[in-house]
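The next block holds one structure in the form of structure tokens; read it before the comments.
The values are calculated or read from the model by the stated rules, or taken from the named source; none is laboratory data. In this text, all values refer to a predicted model and were calculated from it rather than measured experimentally. Heads up, the Cβs are rebuilt from the backbone with ideal geometry, glycines too, and the neighbour counts pull from every protein chain shown.
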Amino acid sequence: MASRFHSDRKLFKWPAGVAPARPLITLLTDFGSRDSFVASMKGVILSIHSEVRIVDLSHQIVPHGIEEAAYVIASCHQYFEDGTIHVVVVDPGVGSARRSLLVTTSRQYFLAPDNGLLTRVLWNERHAEVRQIENVLYRLPSEGATFDGRDLFSPAAAWLAMGEPTSSFGRVIDDPVLLPLAFPITQDGMLIGQVEYVDRFGNLITNIAAANVREWSETAGRPHPEIHIGPCIIQGLVTSYSKGKLDSPSALINSSGKLEIFVDQQSAARHLQIGVGEKVWLC
């Protein structure tokens, strides 16, 4: 059966089949900065390809926060150059039978455990090629099996940056683990969504896109929607944080094109005592 994520669509390949002299690798993990985990990953990468550039996306993902990491990688990978290799490691199942993935999209590469981390990437790249990393030549020898970030994903990323073909890593698969995603719906004249991410400022970012708001507003004849979240009712949208209120929530469309609930210079999450999964509706 043909893979859901593999078709005749052109996948990214190095120009003329040759990797650049200084390819780019990004790292996104829940390892924090206190321990040696991230440094070890970088050491492995640089020992294989000393000229590679490494960018830290974040190492402050909440421990075991697969959904959070899936949101973060999907929110920023598109701003990196063609051929960027993204390494995403939030891996509570490390050492188990869970698979390791190499995903090739139309522009970039992604390496991650097969636990849903790449759900949003794959949702937006329906014709991506998904491979299971099986070749033991890309794994460092280790006494234990608790650190695939260092022992598998780092060397695999470095060898990929050296120009190793994706076919050498393992076979194409068509059943990667995908997390359930919630999408806004229209029901009884209301536009209903939910909070899908809380940033470090405590802003509540929803799954309701600007296009959803425009379409619903035109259909419902409500140019200034009433936004309900938790115990709060917000009247209409503002255009910037500075136009919000200091002591109560306001709403705007953020730079990612999503409906966001905020309190100017405060944490909306703390103010409302709510977080990811909270229902939001416009009426």
Report, by residue number, each residue of region 148-184 that is buried (at least 22 other Cβ atoms within 10 Å of the Cβ) and more than 19 Å from Glu125 (Cβ to Cβ).
Asp148, Gly149, Arg150, Leu152, Phe153, Ser154, Ala156, Ala158, Ala161
Restricting region 16-37 to residues that are among the polar types (S, T, N, Q) and under 18 Å from the mean Cα position of the chain (by Cα), the residue that is farthest from Ser58 (Cα to Cα):
Thr26
Specify the residue that is nearest to Ala209 (Cα to Cα); the eligible residues are those in region 227-283 that are surrounded by fewer than 17 Cβ atoms within 10 Å (Cβ to Cβ) and of a type in the set (Ser, Thr, Tyr).
Ser256
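Residue-wise test of (1) modelled with pLDDT under 95; (2) over 26 Å from Tyr79 (Cβ atoms); (3) not in a loop (DSSP other than H, G, I, E, B).
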residue: His224; (1), (2), (3): yes, yes, no
residue: His228; (1), (2), (3): no, yes, yes
residue: Ile233; (1), (2), (3): no, yes, yes
residue: Ile261; (1), (2), (3): no, no, yes
Could you count how many residues in region 62-85 are crowded, with 19+ Cβ neighbours inside 10 Å and touching a Leu at 6+ places or on another chain (Cβ under 7 Å)?
8
Within region 129-147, can you find the residues that are within 17 Å of Ile173 (Cβ to Cβ) and aliphatic (A, V, I, L, M)?
Val130, Ile133
For the list (1) under 16 Å from Ser255 (Cα atoms); (2) not assigned by TED's automatic domain parsing to the domain that holds Ser256, I need the number of the one condition that Pro180 fails.
(1)
Go through region 235-259 and give me each residue that's among the small types (Gly, Ala, Ser), within 24 Å of Ala220 (Cα to Cα) and not in a loop (DSSP other than H, G, I, E, B).
Ser250, Ala251
Among (1) farther than 30 Å from Ala112 by Cβ; (2) assigned to a loop (DSSP other than H, G, I, E, B) - the single one Arg200 does not satisfy
(1)
How many residues does region 208-222 contain that are in a strand (DSSP E or B) and either within 16 Å of Gln187 (Cα to Cα) or free of Cβ contacts under 8 Å to residues at least 40 places away in the same chain (or both)?
1
